[in-house]
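See below for the structure under consideration.
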Amino acid sequence: MVVDFCFVETTHMNRAERFTKKDKCKDSTPEKVRTCPQGEADIQERARMMKCDSYPECHGEELVYHCVRFITDLVEVCAPNLRIVCDHKSGGCCAVFEEGLGRVIVDPNSHCQDCPWHYHSNETSKYSACVQAPQTPTSSTEHRVTVRETNISNEFAKSTVSLPENITDFTR
């Protein structure tokens with residue numbers, strides 16, 4: 001028996017979220033923009049124009065409109081909605097589009113004074129500190145996600161995993 005493990009690593013270790021290869025959203029649609037919409041009416045209008053509801057779901061998650069940072073740009077993208085949870089001791093943080101995953105994820109290195117410590121990723125454009133076009137990449141957005149796949153054979157697993165004595169066959 002072969003056990004497949006897929007790891008998604010970022011080159012920045014502070015990212016709390018872990019995604020596997022199967023979590024990648026292939027149908028996300030980033031488009032560079034100069035500014036993100038301001039106000040609920042503008043956000044709803046841009047969302048209608050992006051037609052996120054016309055794209056297939058990503059692993060059972062519907063794609064919704066986002067306007068977020070991506071490296072040195074702002075992008076509008078249809079991606080799954082993620083609960084952004086920041087370190088509540090240091091305040092709020094922003095969301096960022098991660099091209100390697102095709103998802104919007106938390107940027108724990110961002111600091112946003114007017115952001116709550118938790119919110120949904122599609123609400124990012126409500127927080128001006130998060131949607132100002134960055135002039136240079138931030139430490140967390142300049143990195144790419146690497147997806148690697150590791151196969152572990154049954155023999156290797158048996159030789160490296162300690163099991164309780166009453167378990168003799170874990171291949172079923």
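FYI, it's all coordinate maths here, none of it is from the lab. In this text, all values refer to a predicted model and were calculated from it rather than measured experimentally. Every residue, glycine among them, receives a Cβ derived from its backbone with ideal geometry; neighbour counts consider all protein chains shown.
Listing for the model above:
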| read-out | value |
| --- | --- |
| Label-point separation in nm, LYS32 to THR20, each point 7 Å along Cα→Cβ | 3.6 |
| Most to least packed among 45-56, 98-109 [average Cβ atoms within 10 Å] | 98-109, 45-56 |
| Listed residues PHE97, CYS52, THR29: farthest to the positive end of the dipole of the stretch 25-144 (Cβ charges) | PHE97 |
| Residue-span extension gain [GLU45 to THR72] - 0.36 nm each, minus C-alpha spacing | 7.3 nm |
